[in-house]
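Bear in mind these aren't lab numbers, they're just calculated from the coordinates by the rules spelled out. Keep in mind that what you see is a predicted model, and the values were worked out from it rather than measured. Cβ placement follows ideal geometry from the backbone for every residue including glycine, while neighbour counts extend to all protein chains displayed.
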Amino acid sequence: MHSQSGRALSSVGSEHLVYTEGVGGSNPSAPTKDSQEWLSFFVLMHFVYILYTPSKDRYYVGESAFVSGRLDQHNEGLYKGAATKLASDWELFLEIECSDRSQALKIERFIKKQKRT
């Protein structure tokens, strides 16, 4: 149904633009993995995560605001760190919620330091 202005009417009678009119920015896309890294600086909550690979019996410690997306990156071999490229069966072992990225980085460094001692 259309109004006199050529705009579509919703089921309750209010006008709205039809998608085919191509209004810029009206249909935002989901964040990509690259943009997730950039967005993580603006997200208040961050996580320290520990991954485990049964095939290599190894652990990996990292931090991110998007743990599930980061896990996918590790398993697909897309994460820049070479440490996780040795396996593609990483699973989430532990996730620690932090108040911000600064706190997450401190906890990540602490855990990694414990592994070396």
Review point. Among the residues of the stretch 71-117 satisfying the criterion of being in contact (Cβ under 8 Å) with a residue 40 or more places away in the chain and either in contact with a Cys (Cβ under 6 Å, 6 or more places away or on another chain) or among the aromatic types (Phe, Trp, Tyr) (or both), which is nearest to TYR60 (Cα to Cα)?
Key: PHE93
Point to revise | Residues of the stretch 73-117 satisfying the condition of being surrounded by 13 or more Cβ atoms within 10 Å (Cβ to Cβ), among the hydroxyl-bearing types (Ser, Thr, Tyr) and in a helix (DSSP H, G or I) | key: THR84
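Looking only at the stretch 49-72, how many residues end up being assigned to a helix (DSSP H, G or I) and exposed (fewer than 13 other Cβ atoms within 10 Å of the Cβ)? Let's see the steps before the verdict.
Looking only at the stretch 49-72, we keep the residues that are assigned to a helix (DSSP H, G or I), and these are 67-72.
Narrowing the set further to residues that are exposed (fewer than 13 other Cβ atoms within 10 Å of the Cβ) leaves 68.
Summing the residues that are assigned to a helix (DSSP H, G or I) and exposed (fewer than 13 other Cβ atoms within 10 Å of the Cβ) in the stretch 49-72 gives 1.
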